[in-house]
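Engineer: Shown below is the structure under consideration.
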């Protein structure tokens, strides 16, 4: 049985299979064709962290596939009242076909998966956000910024906090073989364990991954520029310090002019204008950003169908 906890666990070939399936289902959806790939399947959606895109995309996605989504906040289940994670996992997984969890620590997700009888999907943890990266990859392909056959032609630049998004970009690059530059302020680097694992994978894929503190140097001739909020959920008390530490890391027109003329800009949302991105850059690249947001729906539909097919193989 396969879980989807991190892209570390997936090969380039498996990622491509998921993406190809996502594109196939997206084409059908655009033509108002809703094939019941997962007829009568039940998806439990556990939210210890709230979300707009994750909630809507998974719930609409499973419904369009012919199944049913069950929303569970920490207030709705015994997990929020102190029941051991392993007990909640053993109960819920006997009643549903898949479980998506959006939570804090990666260790909570991994413990849940260990005791689950059905596939578990990482809807976000503080360490990784792999479903978002599937959507980002779809968007890069649609805008002709990535080709599985020629990955080393692509240069992606991530600017900002070395958070779960930065970690996930590093893993994806190391698996697929595209070039990635990560620019963070000192003291905000990515997870060291993920960094070392990714650099090992990069030796096999041919990816060139660089870690810089100079934003202008990082963004030169980039095909794709991406960022994320400087203050994630649970970090509100650090807001003023972070704003000070991230001075000069706003993706504005001056910075974007250093990238390739046809470079695209991606943001996983929500976006805070005047902090990690300027209003001008956001609006100029809004088509790309909201195509990316929509692709959460299609990427996750592809993922859910792929995971269920693995159980039959």
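Engineer: Quick one: residue 290 ticks every box in (1) assigned to a loop (DSSP other than H, G, I, E, B); (2) under 19 Å from the mean Cα position of the chain (by Cα); (3) free of Cβ contacts under 8 Å to residues at least 40 places away in the same chain except a single one, so which number is it?
Structural biologist: Only one criterion is unmet by residue 290, namely (1).
Engineer: Here's something else I'd like to know. May I ask you to list pairs of residues, at least six apart or on different chains, whose Cβ atoms are under 6 Å apart, with the first in the stretch 142-153 being closer than 18 Å to residue 18 by Cα and the second being surrounded by fewer than 16 Cβ atoms within 10 Å (Cβ to Cβ) and modelled with pLDDT of 95 or more?
Structural biologist: 148/16
Engineer: Sort out which residues of the stretch 179-202 are farther than 18 Å from residue 129 by Cβ and touching a strand residue (DSSP E or B) at 6+ places or on another chain (Cβ under 6 Å), and write them in order of number.
Structural biologist: 179, 181, 183, 202, listed by residue number.
Engineer: Go through the stretch 171-200 and report how many residues are more than 16 Å from the chain's Cα centre (by Cα), assigned to a helix (DSSP H, G or I) and farther than 23 Å from residue 221 by Cβ.
Structural biologist: Count: 6.
Engineer: Here is a follow-up. Being surrounded by fewer than 21 Cβ atoms within 10 Å (Cβ to Cβ), touching a helix residue (DSSP H, G or I) at 6+ places or on another chain (Cβ under 8 Å) and over 22 Å from residue 172 (Cα atoms) is the filter here, so list the residues in the stretch 250-270 that pass it.
Structural biologist: Hits for the stretch 250-270 are 252, 253, 258.
Engineer: Looking at 283, 276, which one is buried (at least 19 other Cβ atoms within 10 Å of the Cβ) and assigned by TED's automatic domain parsing to the domain that holds residue 181?
Structural biologist: None of the other options fit; the residue is 276.
Engineer: So, in the stretch 175-196, exactly how many residues are under 15 Å from residue 164 (Cβ atoms) and buried (at least 16 other Cβ atoms within 10 Å of the Cβ)?
Structural biologist: Qualifying residue count for the region: 7.
Engineer: Does the stretch 119-132 include one or more residues that are crowded, with 19+ Cβ neighbours inside 10 Å, outside any loop (DSSP other than H, G, I, E, B) and without any contact (Cβ under 8 Å) to a residue 60 or more places away in the chain?
Structural biologist: Scanning the stretch 119-132 turns up no residue that is crowded, with 19+ Cβ neighbours inside 10 Å, outside any loop (DSSP other than H, G, I, E, B) and without any contact (Cβ under 8 Å) to a residue 60 or more places away in the chain.
Engineer: If I filter the stretch 207-221 down to residues being touching a helix residue (DSSP H, G or I) at 6+ places or on another chain (Cβ under 9 Å) and either under 21 Å from residue 164 (Cβ atoms) or not assigned by TED's automatic domain parsing to the domain that holds residue 147 (or both), which single residue comes out as surrounded by the most Cβ atoms within 10 Å (Cβ to Cβ)?
Structural biologist: For the stretch 207-221, the residue satisfying everything is 207.
The values are calculated or read from the model by the stated rules, or taken from the named source; none is laboratory data. Worth saying up front: this structure is predicted, and the values here are computed from it rather than measured. Heads up, the Cβs are rebuilt from the backbone with ideal geometry, glycines too, and the neighbour counts pull from every protein chain shown.
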